[in-house]
Amino acid sequence: RIRSITHSLIKKLFWISLIPFLILLVGGEFLFSFIFGEQWVLAGTFTSSLSLLLVSRFISSPFVNLLNLYERQPLLLQINLIRLLLMGLIFSLSTYYQVDVLTMIWGYSISLSFHYLYTLKVILKSIH
């Protein structure tokens, strides 16, 4: 029963987040410059690049507590350690290769988005 509710909620969260995601992805720069002024265009660019991360986190975060419910804390620790290592790797590679900040933010956003989708897959597998 929990699995079917979880699947239903994932779909609903996806559809709820789709419009804000597209607005931020496509119009982040415009929105920030329109609302806050031209000096905020770069913040809009960063927001656009982080929009994928926001969606994936919005969808997966509510289900992490299912691991506690099913007493899978060691798995939760493993997931968090993987995220920590992934973040360290992203920032280390960005520094080593001296990539610009926007490229680093895109790498961060895409990598952690995949991580959150992986986390969701692991959670679904754990509650079979």
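The values are calculated or read from the model by the stated rules, or taken from the named source; none is laboratory data. Here the structure is a predicted model, which means the values were calculated and not measured. Here the Cβ positions follow ideal geometry from the backbone for every residue, glycine too, while neighbour counts run over all protein chains shown. Ligands, DNA and RNA are stripped out before the accessible areas are found, and what is left, the full protein with its side chains, is counted by its heavy atoms. Shrake-Rupley method; radii C 1.70, N 1.55, O 1.52, S 1.80 Å.
Quick notes on this one:
- Matching entry among L93, L117 (being farther than 26 Å from P62 by Cβ and among the hydrophobic types (A, V, I, L, M, F, W, C)): L93
- L24 meets the stated requirement of being touching a Leu at 6+ places or on another chain (Cβ under 8 Å) and part of a helix (DSSP H, G or I).
- Scan the stretch 63-106 for residues that are free of Cβ contacts under 8 Å to residues at least 24 places away in the same chain and charged (D, E, K, R) and the total you get is 2.
- Restricting the stretch 102-128 to residues that are under 16 Å from the mean Cα position of the chain (by Cα) and open to solvent by 80 Å² or more (accessible area, probe 1.4 Å), the residue that is farthest from R3 (Cα to Cα): W106
- Residue within the stretch 72-94 that is under 27 Å from E29 (Cβ atoms) and not aliphatic (A, V, I, L, M) present: yes
- Scoring Q39 on the criteria (1) in contact with a helix residue (DSSP H, G or I) (Cβ under 9 Å, 6 or more places away or on another chain); (2) closer than 21 Å to R57 by Cβ leaves a single failure, condition (2).
- Of the residues screened, R83 is one that is under 28 Å from I19 (Cβ atoms) and among the charged types (D, E, K, R).
- Criterion violated by V99 - all others in (1) outside any helix (DSSP H, G or I); (2) open to solvent by less than 100 Å² (accessible area, probe 1.4 Å); (3) more than 22 Å from H115 (Cα to Cα) satisfied: (3)
- Being without any contact (Cβ under 8 Å) to a residue 12 or more places away in the chain and buried (at least 16 other Cβ atoms within 10 Å of the Cβ) holds for only one residue in S33, S56, S60, and it is S33.
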